[in-house]
Amino acid sequence: MINLYELLESANGQLFGEPSAQLFDGFCVDLDDIQPNHIFVVLSNEHGDTHQNISEAIARGVKGIICTRPPECDTQGISVLLVRDTSAALLAWSRYILGKYGTKVIAVTGFSGKSVTADAIYQILSSRYTVHMNLDAGIGRLSIPLSLARLRATHKFAVLKLNLIEQGDMGLMVEATQPEVAVLTQLGGSQITRFDSQDSLIDEMRLLVDYLSPSGLAAMNYDDEWVRKLANTTRAEVRTFGLNTFGAAMMAYNVTSHSDRTDFDLRWGSERYTGQSTPLLGAYHLYSVMAGLSVGLHFGINLQAGLEIVRNLRPLPGRMYPIRGAGGALIMNDTYSANTRSTLGDLDWLEAVKRDDQRAIFVFGDMEPPEANSSRSHEVVGERAASVADVLITRGTNAAFAARTALSKGMNPEQVHVTYADRDALSILTEHYALSDKDVVLVKGGPYSRMDTLVRALLDGNSDSDVSQLSQRQSGVVPSSAPVMPDRLSWVEIDYDAIAGNVRAIKRLVGPDVVVNAVVKSDAYGHGAVMVARTALFNGADYLGVSSIPEALELREAGIVAPILVMNFSPPHLIRQAIQHDLTLTVYDIDLMRAYDRIAREVGKRLRVHLKVDTGMGRLGALPEEAIDLVRHLLNFRYLETEGIYTHFSCADSDPEYTRLQLENFRGVIRPIQATTGFKFKYIHASNSAGTLAFPEGRFNMVRTGIAIYGMHPSDTVQLSPDFKPAITWKTTVAQVKTLPPGHPVGYGNTYVTRHSERIAVLPVGYADGLRRAPNNWGEVLIHGRRAPLIGRVSMEKTVVSVDHIPNVAIGDEVVLLGRQGQETITAEA
Ligand SMILES: *Cc1c(COP(=O)(O)O)cnc(C)c1O
């Protein structure tokens, strides 16, 4: 319960307008989490600003607002508090409410294992006391006040996870919570953090242990060298715990992992407790158990009693939570979070429990920030996976590094699958491997990779409670409307499930006898060549098309073995590489063909080629009369293997008559060749996306589809069916907002001049990023779900838009340059 006047006083705030409601049930920061009698907390910090969400929050029923500047919308009937810094204000209130109820705080911190540790402490203490615990940690220090809104006067203890996200967090959280007990789980083992250095992280942690009073307790993981370093400065009693480590006050040993429990013996001082067990899985969870026991001891719960509770602990949803899934397979859901340390711990478990007659399948999604962007972290996992898993399935761009490493460590390529779309990871599991009770499937990934959706899809119909557990667990972890300021100034988001669906739609359209060549040239039209290529190959494409040899080599480098047609000029000095990597080249000129043949003979391996015919586009290709002649030569070059013949339409999307003429010209080349030489091309192809859609007769036995894969209409007249979906969204953020006086020019060349006083937003994106420069004032972007026109000339990396008609635009607001925002869309076609 939150009292308006207590909040006002403790947070040193100011009322804006007349107060209305005075008692509230909770705080909320995320529009999607709003409940009726809550206070909406506006965030305005280095991650962004949510003042823009105030009116929507009111519309969704909040009764109070706490913010840093007066709202610009109508706040009649709402209690509005103004403070300097909302998160500092809420922490001040946290301190107040803990003091008011006299609740003692047990602070749990570290990089992983916090939730399970907090839960173990909570369960053990709850056997004797009334205890509060904060459930969600994904929002950093705000999780403390958010949770304390549920604190009651009867709560003797509050178990609070202190989630360190950035430098400075710990000092603020310690001040707010004044802990009596600190529990440190794990600090080392992460490949990268957001702290200046590992030492500065330790300094931050030291604030917590040094705060403790002599009557307090520091419960510490003795096996973590970084935690150990903190043991000597605190005034509190130190209680260490370790796994098989002599020197720790409490030690678990004789650990054996099973698929449904972990058995262990416990030593504490001279006492021994043998034959213990817990349903928590993964030996590393014994740290959580020992932390719980240590805290219990401090508050008078003896080990016998504590171990009894440990025997009945339940795994938390999403943290090594076992589920019977499809075919009776054991699915281990560990998708709540993922860093290197916890992932390696999971693989240890997999290695320990897997019986010889079982198959160990490891499904791995991108880890969480900041490790999410570290290829090195993912490689470390891949190396371990290679020695543990029989099958490795990765989902996502960084998880793919794990697959690459696993392959380089000798894992069988047939059992390594790199995917980007959910549905692909799922169909490999269910169709390719047909799960059975002989399978142990470990699913692991960070919150943003949403691997829980995959687990959900794997569940048998009979696990309803698991399903509801699963759907609860992500709330608060991935903020949907809370600000997340991106690292880049402009970026694209790709929906690979959309790509997968589009390729399937094309394959359905052309049928089993026509090969789909997925055109992924120019980095797959900006969608990521490797990712699109893999996704297309999983969903019905059997050939890939690129422009140049280097583009093809990028795909080979990533381990893609499908045939690749290079559709542009291939300079002779690259032909060796092309042959070594088994590429298919385009030929159209006798001198080049001769050079290619000579090099192939030197290499001692034939080069596959397709002859390109210019049937009317006037671009690359041999003219029809030459083409017939060239084929005769081609058949005489012993080191050139003629696999196909093709042409390209110039107006399949606009001029059916001309396209029919091109088709006729094309047939006029193929017919005499077959008649005179008897040669049959393996592949005959002509159609791009527009041709594929509009001219079924031009499909022959291969189509080369580009734009349709990306879900874009070839033209106004040749349209995709509703089965297709665009896959790309291009975004940037607001860099500055200001009001220009009348008559003020904007941008290079002063091509735009304000007529009246005009509010503008500067965007940190420009033509270097691909936002076209000319003509002046050519388009619009989306801000707050509304259209904002470009004004003035687009610069290399800056652009200006008018936001006169859009209230509350602020620095950090999301801007959509391409794609959907709210109800509005800017299509690539437009
Ligand atoms: C780019 C390209 C395609 C694909 O064209 P879309 O219109 O994007 O489907 C097909 N064939 C060739 C030769 C190309 O260069």
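Scanning the range 236-248 for residues that are more than 23 Å from GLN198 (Cα to Cα) and without any contact (Cβ under 8 Å) to a residue 24 or more places away in the chain returns ASN244, THR245, PHE246. Scanning the range 642-659 for residues that are more than 16 Å from the ligand (Cβ to nearest atom) and exposed (fewer than 15 other Cβ atoms within 10 Å of the Cβ) yields a single hit, GLU657.
Considering only residues that are out of contact with any helix residue (DSSP H, G or I) (no Cβ under 7 Å at 6 or more places or on another chain) and of a type in the set (Gly, Ala, Ser), look in the range 115-130 and name the one that is surrounded by the most Cβ atoms within 10 Å (Cβ to Cβ). Ranking the qualifying residues of the range 115-130, first place goes to ALA118. Whether any residue in the range 336-348 is surrounded by fewer than 19 Cβ atoms within 10 Å (Cβ to Cβ), over 24 Å from LEU293 (Cβ atoms) and either acidic (Asp, Glu) or in contact with a helix residue (DSSP H, G or I) (Cβ under 7 Å, 6 or more places away or on another chain) (or both) is what I want to check. Yes, the range 336-348 contains at least one residue that is surrounded by fewer than 19 Cβ atoms within 10 Å (Cβ to Cβ), over 24 Å from LEU293 (Cβ atoms) and either acidic (Asp, Glu) or in contact with a helix residue (DSSP H, G or I) (Cβ under 7 Å, 6 or more places away or on another chain) (or both).
Among the criteria (1) surrounded by 16 or more Cβ atoms within 10 Å (Cβ to Cβ); (2) over 19 Å from VAL492 (Cβ atoms), the one ASN776 does not fulfil is (1).
Among the residues making up the range 327-344, those that are in contact with a strand residue (DSSP E or B) (Cβ under 9 Å, 6 or more places away or on another chain) and under 20 Å from GLU379 (Cβ atoms) are ASP334, ALA338, SER342, THR343.
Filter the range 691-707 for residues that are among the small types (Gly, Ala, Ser) and more than 14 Å from THR647 (Cβ to Cβ); which is nearest to the ligand (Cβ to nearest atom)? Top of the filtered list is GLY706. Of all the criteria given as (1) more than 28 Å from GLY318 (Cα to Cα); (2) part of a loop (DSSP other than H, G, I, E, B), the one not satisfied by SER112 is (1).
Across the range 428-470, the number of residues qualifying as closer than 26 Å to ASN373 by Cα, surrounded by fewer than 23 Cβ atoms within 10 Å (Cβ to Cβ) and either at pLDDT 90 or above or out of contact with any Leu (no Cβ under 7 Å at 6 or more places or on another chain) (or both) comes to 5. Identify the residue in the range 708-740 that is touching a strand residue (DSSP E or B) at 6+ places or on another chain (Cβ under 8 Å) and among the β-branched types (Val, Ile, Thr) and, among all such residues, is farthest from the ligand (Cβ to nearest atom). For the range 708-740, the residue satisfying everything is THR739.
Of the residues ILE97, ILE121, ILE165, the single one that is within 33 Å of the chain's Cα centre (by Cα) and outside any loop (DSSP other than H, G, I, E, B) is ILE121. You will find that of LEU592, LEU611, LEU607, the residue that is at pLDDT 95 or above, away from the ligand (no atom under 16 Å from the Cβ) and surrounded by 21 or more Cβ atoms within 10 Å (Cβ to Cβ) is LEU607 and no other. From the set of residues in the range 551-585 that are among the aliphatic types (A, V, I, L, M) and surrounded by fewer than 18 Cβ atoms within 10 Å (Cβ to Cβ), which is nearest to the ligand (Cβ to nearest atom)? Out of the qualifying residues, it is ALA562. Every condition in (1) crowded, with 20+ Cβ neighbours inside 10 Å; (2) touching a Gly at 6+ places or on another chain (Cβ under 8 Å); (3) not hydroxyl-bearing (Ser, Thr, Tyr) holds for ALA291 except the one numbered (2).
Note on the range 510-550: among residues that are aromatic (Phe, Trp, Tyr) and closer than 30 Å to ASP589 by Cβ, the one that is farthest from the ligand (Cβ to nearest atom) is TYR543. Among the residues here, ILE670 does not qualify as more than 16 Å from the ligand (Cβ to nearest atom) and either among the acidic types (Asp, Glu) or in contact with a helix residue (DSSP H, G or I) (Cβ under 6 Å, 6 or more places away or on another chain) (or both).
The values are calculated or read from the model by the stated rules, or taken from the named source; none is laboratory data. Everything numeric here is computed off the predicted structure, so don't read it as measured data. Glycine gets a Cβ as well: all are built from the backbone with ideal geometry, and neighbour counts include every protein chain shown.
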